[in-house]
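Asks: My structure is below; once you've seen it, I'll send some questions.
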Amino acid sequence: MPPINVGLTSGQARDSFKQNGPNQTVVASPKLTAFEEFFSKFKSPLIILLLIIAAISFGLGQKIDATIIIIMVGLSGTLDFFNSYKSEQAAAALQHRVKVTVQAWRDGQLERITLEAVVPGDIIELIPGNIIPADGKITSSNGLSVDESSLTGEAFPQPKTIDSPVSMGSSVVTGEGRMLVIATGGRTHFSKITRELSAKDSQTDFDRGIQNFSHLILKIIFVFVLLIFLLNTILQRDLLESFFFAIALAVGLTPELLPVIITVTLARGALAMSKHGVIIKKLSSIQNFGSMDVLCTDKTGTLTENKIALVSYVDGYGKVSDDVLALAYVGSYFETGLKNPLDDAVLAFRHISVVSYTKLDEIAFDYERRRSSVVLKKSGRIEVISKGAPEDMVSQAQSYGAKNEKLTAKMRTEFQKTYQKLSDQGYRVLAVAKKNLAKEKKDYTVEDESDLTLIGFIAFLDPPKQTVKQTLRDIEKYGVEIKVLTGDNELVSQRIASQLELPIKGVLVGSQLAKLSDAALRERSQNITIFARLDPDQKRRVIMQLQAAGNVVGYLGDGINDAQSLKAADVGISVNNAVDVAKESADIILLEKSLKQLINGVIEGRKTFTNTMKYIMMSLSSNFGNIFSMAGASLFLPFLPMLPLQILLNNLLYDTSQFTLPLDNVDIEDIQKPRKWDINFIKRFIFSFGPISSIFDFLTFGLLLYVFHLGESGFQTGWFLESLATQALVVYFIRSRKLSFRSSRPALPIVASTLLVVAASVLLVFSPLGLLFKFTAPSLIQLLAIGAIVLAYFGAIELAKSIFFRRANLAN
């Protein structure tokens, strides 16, 4: 029993509570209401640009145009909101994580109090199964060990002696003891993590790509629209009509369907991935999945079984010994005081009969002796069987083996080498020893463990998942490098990696990492495979420096110590049975902790990226060509080459034809390597293929003006048809680097939607509705001539594509 004055008095506890507040992790409630979260989906630079154009159009009376843009933007934001709102409140779950009570000494009595009532100065009673309710230090220990795996990544329970520190979020595995509470609430290490999780999300590769792309669009729009407006003004065209024309071009150039294309494509990917046991919380994470070229993962439970197993039982010289296994089994079977995962692993390895033994007593484990013993009776003999720390038992044993050979200095050296060899292989090692006692007695003490006879060693490991080996090879084939970030030691980590045939380029431990500057770590990180003995801050620092070096980083983890890394990564991945803080910090949840499921995610991400890029490259290159054509036509035409309303109709029909793009087939080459946003590549594509579009526009202008001698309405109708056909159908040629139709075929929905839109545009100009848009029905010969130009354009695009990508491959 403790002394009567242990712990705080009720008055001291009240004063401490007033000063320190409740013992709650400092996590603000979700920052955004549902209303605020909905409108946050419209903060993208591209969305803002579209809304500005819609507002200008509406102000100038172009209500139909403005409505179309607003509908597209609204659809995109609404889809994104419903897919992500409920799952993006990462910190909220932490407030409800530990609704438990603890036993504290108050007024000399052991009282059960709520977790929130724990204050600095409290003495807390600890028994197996208890959580550690705050940060503090151990004041008494009887074989106390604590599971800190969710904080450190270390799979084995950690022994705790007097003055050992303990942290909120860990839990008692074996033994009993007490702790003095030093820090509660917002001052705990756990709370530090939750505060960081409440901070603003870091910008991912997807976010950076959208931002850079939006800036590029804005620059092109500003330069060309201003140029065309000035040209029409200089030529003394109607000022208001010229302004409408410029605004229409801005709408025409802006890929207003892009947010919808991205969202629909991502939603389709999320649905496909859910069938493979992958739950998408944040849609943009699919795109990041496709761009990911480095996957950082913890070790325990991902590369390993997360279940300690007996892997070796040897005599003092390292030879397999059934005698060692039998003694270890008997010792674990009869031990009752402080059963731990190591005992469970021994008992699970092989059943051995113990019917010939009778238990007399038990000498409990303590951290001074670092061993435990059972006293048994067998065939009239009294035996002590001990298991414990090899360093102490080898140095203190007096004999060895079944023949009780006297231990010499040379033998001790050999046995130390055996133990060290096992340790160097990453195993947790225990020594097994025994002693025969002369007679039975009532009580047995630690004195009965003197003069032990060493029998051998048993070794344990959290074994690797054999199913992971092939998966690692498959991930590597898709251009994703695996890096292990663990709180465990480097020997264990290297052992696991070697067994899984994971190539190890280098190893860096936390103490070495702490001495490196960010720049040095950024450089070193590219050539390191295993980062060991890391604390949570160091894990996050590694991820951030990998990102700074240009990598798109995924992180897979399931513990409290992983939460900061999950939030910092471009794509955070957790599992269904992870701690709440890890699940709430992640972008993606796996129903099983399996790397195999990630491959499907990578493939879906790359499909999404590929189909998104198809739309960007098609729309921008053709739109850029059209604007260049507009600028040229404005110099010599006595009228506008296309009316503002016709431009917007053209844009609407084109966008409609592309709604099926998320369903398109993707070439195998497009999913074999990480796909990243490359603004320079987009620029080169636009400025390579845009002028080709303009060349054929000018050919159309010449045909309509100088061959068919058409007036304003006829000219505008002819170019409307040519422009729409080239824009809508060029998808067949730009969608793949391969030879169109022969080596890469578009999906049937794409073929159907594009052909229907082109057919609808032709029917429109012949229908009475065409008069509303000031169209004039062309003759059959005019349609055939326009069709010939369209076919010639596709031939030129196919040739240019071959040259462009050949040069791009050479450049890489």
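The values are calculated or read from the model by the stated rules, or taken from the named source; none is laboratory data. It should be emphasised that the depicted structure is a prediction, and the values quoted were computed from it without experimental measurement. Ideal geometry is used to build each Cβ from the backbone, glycine not excepted, and the neighbour counts take in all protein chains shown. When the accessible area is computed, the model is the full protein with side chains, heavy atoms only, and any ligands, DNA or RNA have been set aside. Shrake-Rupley method; radii C 1.70, N 1.55, O 1.52, S 1.80 Å.
Asks: Full-extension gain between PHE38 and HIS215, please, as 0.36 nm times their residue separation minus the C-alpha to C-alpha distance.
Replies: On the way: separation 177, 0.36 × 177 = 63.72 nm, distance 2.36 nm.
Here the segment from PHE38 to HIS215 would lengthen by 61.4 nm.
Asks: Under 15 Å from the Cβ of GLU481, count the other residues' Cβ atoms, weight Lys and Arg +1, Asp and Glu -1, and hand me the total.
Replies: Working: positive: ARG473, LYS477, LYS483, LYS505, ARG524, LYS673, LYS676; negative: ASP293, ASP474, GLU476, GLU501, ASP570.
Result for the local shell: +2.
Asks: Additional query: Calculate the FRET efficiency for ASP392 and ILE352 from the Cβ-Cβ distance with a Förster distance of 25 Å, rounded to the nearest 0.05. Write out the running numbers ahead of the final one.
Replies: Values: r = 26 Å, r/R0 = 1.04.
After rounding, the FRET efficiency stands at 0.45.
Asks: Write down the accessible area per residue of the range 349-435 in Å², having rolled a 1.4 Å probe over the full set of protein chains.
Replies: Working: 4390 Å² over 87 residues.
The answer is 50 Å² per residue.
Asks: Leaving ligands, DNA and RNA out of it, report the carbon-plus-sulfur percent of the accessible area of the range 700-739 at a 1.4 Å probe. Don't jump to the answer; show the numbers that get you there.
Replies: On the way: 730 of 1150 Å².
Whole-percent figure for carbon plus sulfur exposure: 63.
Asks: Would you mind giving the average projected area, over all directions, of the Cα convex hull of the range 743-797 in nm² with one decimal?
Replies: Details: hull surface 20.2 nm².
So the mean shadow area of the Cα hull is 5.1 nm².
Asks: Carbon and sulfur atoms: what percent of the 1.4 Å accessible area of the range 408-471 do they account for?
Replies: Exposed carbon and sulfur together represent 51 percent of the surface.
Asks: Structure shown: which of LYS307/LYS483; LYS676/LYS738; LYS539/LYS596; LYS63/LYS282 lie over 29 Å apart, alpha-carbon to alpha-carbon?
Replies: Working: LYS307/LYS483 22 Å; LYS676/LYS738 20 Å; LYS539/LYS596 23 Å; LYS63/LYS282 34 Å.
The pairs that break the limit, which is 29 Å between Cα atoms, are LYS63/LYS282.
Asks: What residues have an amide H closer than 5 Å to that of ASP122, excluding those fewer than 5 places away on the same chain, when H is modeled at 1.01 Å from N in the peptide plane?
Replies: Close amide H contacts, sequence-distant or interchain: VAL181.
Asks: Check ASP361: other-chain or 5+ apart residues with amide H under 5 Å from its amide H, H built from backbone geometry?
Replies: VAL375
Asks: How long are the semi-axes of the equivalent ellipsoid of the range 591-729, defined as square roots of 5 times the Cα gyration tensor eigenvalues? Whole Å, largest first.
Replies: Details: eigenvalues 313, 44, 23 Å².
Sorted largest first and rounded, they come to 40, 15, 11 Å.
Asks: Return the loop-located chymotrypsin sites (Phe, Trp or Tyr not before Pro) in the range 281-334 (DSSP other than H, G, I, E, B) with at most 15 other Cβ atoms within 10 Å of their own Cβ; answer none if there are none.
Replies: On the way: sites: PHE289, TYR313, TYR317, TYR329, TYR333, PHE334; in loops: TYR317.
Those that pass, being in a loop and sparsely packed, are TYR317.
Asks: Counting Lys and Arg as +1 and Asp and Glu as -1, what is the net charge of the other residues whose Cβ lies under 13 Å from the Cβ of ALA183?
Replies: Numbers: positive: LYS137, ARG187, LYS192; negative: ASP122, ASP135.
Every neighbour counted, the sum reads +1.
Asks: Roughly speaking, what is the stretch gain from LEU699 to LYS683, that is 0.36 nm per residue apart minus the C-alpha to C-alpha distance, in nm to one decimal? If you can, show how the numbers build up before the last one.
Replies: On the way: separation 16, 0.36 × 16 = 5.76 nm, distance 2.46 nm.
This chain segment gains 3.3 nm when fully extended.
Asks: Roughly how many nanometres apart are two label points built 7 Å out from the Cα toward the Cβ at LYS410 and ALA759?
Replies: In this crude spin-label approximation the distance works out to 9.6 nm.
Asks: Now for a different question. Which pairs, out of LYS281/LYS583; LYS275/LYS299; LYS378/LYS435, put more than 18 Å between their alpha-carbon atoms?
Replies: Details: LYS281/LYS583 10 Å; LYS275/LYS299 26 Å; LYS378/LYS435 13 Å.
Checking Cα-Cα distances, LYS275/LYS299 exceed 18 Å.
Asks: Using θ = phi - 60° and the Karplus form 6.51 cos²θ - 1.76 cosθ + 1.60, what ³J(HN,Hα) does each residue of the range 467-483 get, whole Hz, x for Gly and Pro?
Replies: Taking θ as phi minus 60°, the curve returns 5, 6, 4, 5, 4, 4, 5, 5, 4, 4, 4, 8, x, 10, 8, 8, 10 Hz for the range 467-483.
Asks: Let me ask another. Per residue, how much accessible surface does the range 702-812 expose to a 1.4 Å probe? Answer in Å², no decimals. If you can, show how the numbers build up before the last one.
Replies: Details: 5490 Å² over 111 residues.
Computed with neighbouring chains in place, this is 49 Å² per residue.
Asks: Using the crude model of +1 on Lys and Arg Cβ and -1 on Asp and Glu Cβ, and no other charge, please compute the dipole size for the range 610-761 relative to its Cα centre, in debye to 20.
Replies: Working: 11 positive and 9 negative charges, 124 e Å.
That gives a dipole near 600 debye.
Asks: Moving to a separate point now. In the range 276-348, carbon and sulfur make up what percent of the accessible area (probe 1.4 Å)? Present the calculation step by step, with values, prior to reporting the outcome.
Replies: Numbers: 1180 of 2350 Å².
C and S atoms contribute 50 percent here.
Asks: Rounded, prolate or oblate, given the Cα gyration tensor of the range 315-406, with a/c below 1.5 counting as rounded? Provide the component values of the computation, followed by the final result.
Replies: Details: a/c = 1.24, a/b = 1.12, b/c = 1.10.
In terms of gyration-tensor shape, rounded.
Asks: Near the amide H of SER164, under 5 Å away, which other amide H atoms are found, from residues 5 or more places off or on another chain, if H is placed in the peptide plane?
Replies: ILE138
Asks: Quick one: putting +1 on the C-beta of Lys and Arg, -1 on the C-beta of Asp and Glu, what dipole do you get for the range 399-442 around its Cα centre, in Debye to the nearest 20? Mind showing how you got there, number by number?
Replies: Details: 12 positive and 4 negative charges, 60 e Å.
Roughly 280 debye for the range 399-442.
Asks: Here's something else I'd like to know. Counting each pair of different Cα atoms once, what's the Kirkwood radius of the range 357-502 in Å, rounded to one decimal? Mind dumping the intermediate values first?
Replies: On the way: mean 1/r = 0.0560 Å⁻¹.
The Cα-based Kirkwood calculation yields 17.9 Å.
Asks: Report, ordered by chain and residue number, the lysines lying within cross-link reach of LYS417, taken as a straight Cα distance under 16 Å and ignoring same-chain residues fewer than 8 apart.
Replies: LYS319
Asks: Under 19 Å from a point 7 Å along the Cα-to-Cβ line of LEU663: which residues of the range 605-625 have their amide N that close?
Replies: Within reach of a label on LEU663: 607-615.
Asks: Highest mean first, what order results for 699-709, 372-382, 725-735, 476-486 on Cβ atoms within 10 Å? All intermediate terms of the calculation are to be shown ahead of the outcome.
Replies: Values: 699-709: 15.9, 372-382: 17.5, 725-735: 23.5, 476-486: 20.2.
For the peptides 699-709, 372-382, 725-735, 476-486, the packing ranking is 725-735, 476-486, 372-382, 699-709.
Asks: Where Rh denotes the Kirkwood radius from the mean inverse Cα pair distance, what is Rg over Rh for the range 718-812? Could you put the intermediate results ahead of the total?
Replies: Working: Rg = 16.0 Å, Rh = 14.9 Å.
Here Rg/Rh amounts to 1.07.
Asks: Still on this structure, I have one more. Using a cut-off of under 14 Å, list every residue of the range 359-393 whose amide N is near the label point 7 Å from the Cα of ILE162 along the Cα-to-beta-carbon line.
Replies: 367-369
Asks: Further question on the same structure: If I take R0 = 45 Å and measure r between the Cβ atoms of LEU51 and GLU798 in this structure, what FRET efficiency does the formula 1/(1 + (r/R0)^6) give, to the nearest 0.05?
Replies: Working: r = 37 Å, r/R0 = 0.83.
After rounding to 0.05, the efficiency reads 0.75.
Asks: Using r as the Cβ-Cβ distance of GLN420 and SER274, and R0 as 41 Å, what FRET efficiency do you calculate, to the nearest 0.05? Spell out each step's value before the answer.
Replies: Details: r = 49 Å, r/R0 = 1.21.
With R0 = 41 Å, the Cβ-Cβ based efficiency is 0.25.
Asks: Over 10 Å intervals from 0, what percent of Cα-Cα pairs in the range 436-519 sits in each interval?
Replies: Whole-percent P(r) values from 0 Å outward: 12, 29, 20, 13, 14, 10, 3.
Asks: Could I ask something else about it? Kirkwood hydrodynamic radius for the range 473-557: how many Å is it when counted over pairs of different Cα atoms?
Replies: Values: mean 1/r = 0.0764 Å⁻¹.
That comes to 13.1 Å for the range 473-557.
Asks: What ³J(HN,Hα) values, in whole Hz, does the Karplus curve 6.51 cos²θ - 1.76 cosθ + 1.60 give for the range 432-446 when θ = phi - 60°, with x put for Gly and Pro?
Replies: Result, ordered by residue: 10, 9, 8, 7, 8, 9, 5, 8, 7, 9, 6, 10, 10, 10, 5 Hz.
Asks: Now for a separate question. Can you tell me the length gained on complete extension of the stretch LEU491 to LYS673, counting 0.36 nm per residue apart and subtracting the Cα distance? Present the calculation step by step, with values, prior to reporting the outcome.
Replies: Working: separation 182, 0.36 × 182 = 65.52 nm, distance 3.19 nm.
Using 0.36 nm per residue and subtracting the Cα-Cα distance, I get 62.3 nm.
Asks: Work from the charge dipole of the range 277-378 (Cβ charges, +1 for Lys and Arg, -1 for Asp and Glu, about the Cα centre) and give the residue of LEU283, PRO341, TYR329 farthest towards its positive end.
Replies: Farthest towards the positive end: LEU283.
Asks: About the Cα centre, and with charges only on the beta carbon of Lys, Arg (+1) and Asp, Glu (-1), how big is the dipole of the range 354-481? Nearest 20 debye, please. Write down the numbers at each step before the final one.
Replies: On the way: 24 positive and 20 negative charges, 106 e Å.
Computed about the Cα centre, the dipole is about 500 debye.
Asks: Against the globular-protein guess of 2.2 N^0.38 Å, express the Cα radius of gyration of the range 401-476 as a ratio, rounded to two decimals. Can you show the working numbers first?
Replies: Values: Rg = 19.5 Å, N = 76, 2.2 N^0.38 = 11.4 Å.
Normalised Rg, Cα atoms only: 1.71.
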